Amino acid sequence: MKIPPWATTLLGALVVIALPVFLVLSNVNLIMTPWFVRFQYAKPDFPPSERFDTASRTKFAIETVRYTRGELTHADLQNLNVYNERELSHMRDVQDVATRALALDYALGIFIVVGLLVLWRAASALAAWSALFIGAGLTLAIFGAIGLFALVAFDAFFVLFHRLFFVGDSWLFLTTDSLIQFYPEPFWVDASLGIAVLTLLEALVLLAIGWWGRRVSSKRA
């Protein structure tokens, strides 16, 4: 069953727009896991904690990550007995943003797959490959710029990110606070760099696949 040209154009545009968001959220999902905490703490040049030994620090940091993913309740976080009220309030906001982002990631993944299949079956293979190709190109443009910004001006990037998602200065803490003891600046630098690099690599792969698909489909048309 064919769909009208306007519907093909609209669906293709939505897939293109959804792809960059899906890729970056998927990589946030990948980084926001206990393995990344362990990876960071295992680095010989990672800053030591002034208040916690390695075992305790690892345990509390991992439990906090699990909380942000919605795997633990706020009571569970309180029961760790390592956070003050300001930190607990901020972490409630973080969990709200993170769980919404993860839900959006899964929803966008399903939408992109279904959208590409609909374009393939109801419009043409070329339309599907084109949406993939253009979406990957848009991802490279957007997150290449964001990644460069984060790399050369991380402090400004970090501040801008938090001002977009959190109210006032609720995200600012002392260096002796537990959140900073668990997640010092090098942790966030590596996390941001990892997300940017993974997103760019994935976009390059999809761009190549989309280019190949468009070329094959054009020859068969």
Where the centroid of each part is defined by its Cα atoms, how far is region 29-66 from region 1-28 in Å?
36
Whole-Hz ³J(HN,Hα) from phi, Karplus 6.51 cos²θ - 1.76 cosθ + 1.60, for region 37-53, glycine and proline x:
4, 4, 4, 5, 5, 7, 5, x, 9, 6, x, x, 8, 7, 10, 10, 6
Could you check the spin-label model distance between residue 9 and residue 89? Points 7 Å from the Cα along Cα→Cβ, value in nm.
5.0
Using a Förster distance of 41 Å, the FRET efficiency for residue 215-residue 46 (Cβ separation, nearest 0.05)
0.35
Just tell me the longest site-free run in the chain, where the sites are GluC sites (Glu not before Pro) in a DSSP loop having at most 16 other beta-carbon atoms within 10 Å.
72-221
Of 49, 111, 27, farthest towards positive along the dipole that unit charges on Lys, Arg, Asp, Glu beta carbons give region 5-220:
111
Rounded to the nearest 10, the angle in degrees between the Cα long axis of helix 154-165 and the longest principal axis of the Cα atoms of the chain comes to 80
With 10 angstrom as the radius, rank 59, 43 by how many other C-beta atoms surround their C-beta, starting from the fewest.
43, 59
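Any read-out appearing in this document is the output of simple, stated calculations on the displayed coordinates, not a laboratory observation. This is a predicted model, so every value here is computed, not measured. Neighbour counts run over all protein chains shown; Cβ positions are idealised from the backbone, glycine included.
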